[in-house]
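Accompanying notes for the structure given below.
The values are calculated or read from the model by the stated rules, or taken from the named source; none is laboratory data. Since the structure is predicted, the reported quantities are computational estimates derived from the model, not experimental observations. Methodologically, a virtual Cβ is constructed for each residue, glycine included, from the backbone with ideal geometry; neighbour enumeration extends over all protein chains shown. For the accessible areas, the whole protein counts, side chains as well, though only heavy atoms, and no ligand, DNA or RNA atoms are used. Shrake-Rupley method; radii C 1.70, N 1.55, O 1.52, S 1.80 Å.
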Amino acid sequence: MVRQGFSALLGAQADISVLGDAADGVAAVELCARVRPDVVLMDVRMPRKDGLRAAEEILRASSGRDEVTRVLMLTTFDIDDYVYEALRIGASGFMLKDAPADELVRAVRVVAAGEALLAPSVTRRLIEEVTSRRSRTPHSRAADRLTPREREVLDLVSDGRSNGEIAGHLYVSEQTVKTHVSSVLNKLGLRDRAQAVVFAYENGLK
């Protein structure tokens, strides 16, 4: 019923096409290999193959393609140890299953656009909760390659701010922020903003 409800909601949007649904992790990996979706809504806990392992396989399979598949994880728990692992393997973010319908639609559009779903306050709280349980190490030498402005942008990204919010805070254009974010990701060898947040927390930059 949950899958059918999500499918009906998303399929009703003029700019979203639902290519299929899967009842377990194994079927999800097989389906994505066939239809190559832009975005996958992946439940954290599923039979046969859990959502994390399925997401990891999907992301690995799409990494060499021009058009990558992005994964948005779904969870029913306010605090979930799987959140950290989901971001670490390259998921573009996560949200709670009981979020309002308009938030789900917005989340799919945000992830499809190549950004991480990190703005909601619950996301910041979950990341902080999970990463605070792990010992921090001195910051990576890779961070030394960042300019002071890039370090500032990384800090704001890690707060869950959007490009528009960062632009307003720094009094620069949104395009300038996009350029800085791209530079940060390239210098640190990161896939997207979600991994940038993990990097910042893991290396004691937050």
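Select, from Asp66, Asp15, Asp21, the only residue that is free of Cβ contacts under 8 Å to residues at least 24 places away in the same chain, more than 23 Å from Leu190 (Cα to Cα) and open to solvent by 80 Å² or more (accessible area, probe 1.4 Å). Can you show your working first?
On the way: Asp66 fails: more than 23 Å from Leu190 (Cα to Cα); Asp15 fails: free of Cβ contacts under 8 Å to residues at least 24 places away in the same chain.
Criteria check complete, one pass: Asp21.
Given the criterion over 30 Å from Asn203 (Cβ atoms) and not in a helix (DSSP H, G or I), identify the matching residue among Ala28, Ala8, Ala22.
On the way: Ala28 fails: not in a helix (DSSP H, G or I); Ala8 fails: not in a helix (DSSP H, G or I).
On inspection, the qualifying residue turns out to be Ala22.
When only residues in region 87-112 that are modelled with pLDDT of 80 or more and more than 26 Å from Ala14 (Cβ to Cβ) count, which is surrounded by the most Cβ atoms within 10 Å (Cβ to Cβ)?
Across region 87-112, the extreme among qualifying residues is Ala91.
If a residue must be assigned to a helix (DSSP H, G or I), under 17 Å from Glu67 (Cβ atoms) and not β-branched (Val, Ile, Thr), how many such residues does region 31-54 contain? Break it down into steps so the answer makes sense when it comes.
Residues of region 31-54 assigned to a helix (DSSP H, G or I): 31-35, 51-54.
Narrowing further to those that are under 17 Å from Glu67 (Cβ atoms): 31-35.
With the extra rule that they be not β-branched (Val, Ile, Thr), the set shrinks to 31-34.
Total satisfying the criteria: 4.
Inspect region 153-160 for any residue being open to solvent by 30 Å² or more (accessible area, probe 1.4 Å) and modelled with pLDDT of 85 or more and give the result as yes or no. Let's see the steps before the verdict.
Our first condition is that a residue be open to solvent by 30 Å² or more (accessible area, probe 1.4 Å); within region 153-160, this holds for 155, 159.
Of the ones still in play, those that are also modelled with pLDDT of 85 or more are 155.
The answer is yes, given that some residue of region 153-160 is open to solvent by 30 Å² or more (accessible area, probe 1.4 Å) and modelled with pLDDT of 85 or more.
Mind listing whichever residues of region 155-206 are among the hydrophobic types (A, V, I, L, M, F, W, C), part of a loop (DSSP other than H, G, I, E, B) and under 22 Å from Glu85 (Cα atoms)?
If we filter region 155-206 for residues that are among the hydrophobic types (A, V, I, L, M, F, W, C), which is where we start, we get 156-157, 166-167, 170, 172, 177, 181, 184-185, 188, 190, 194, 196-200, 205.
Next, from what is left, pick out any that are part of a loop (DSSP other than H, G, I, E, B): 172, 190, 205.
Leu190, Leu205, listed by residue number.
Might you check whether a residue that is charged (D, E, K, R) and open to solvent by less than 80 Å² (accessible area, probe 1.4 Å) occurs anywhere in region 31-49? Before you say what the answer is, go through the steps one by one.
First pass over region 31-49, keeping only residues charged (D, E, K, R): 34, 36, 38, 43, 45, 48-49.
Add one more test, that the residue is open to solvent by less than 80 Å² (accessible area, probe 1.4 Å), and what stays is 43, 49.
Yes, the conditions are met somewhere in region 31-49.
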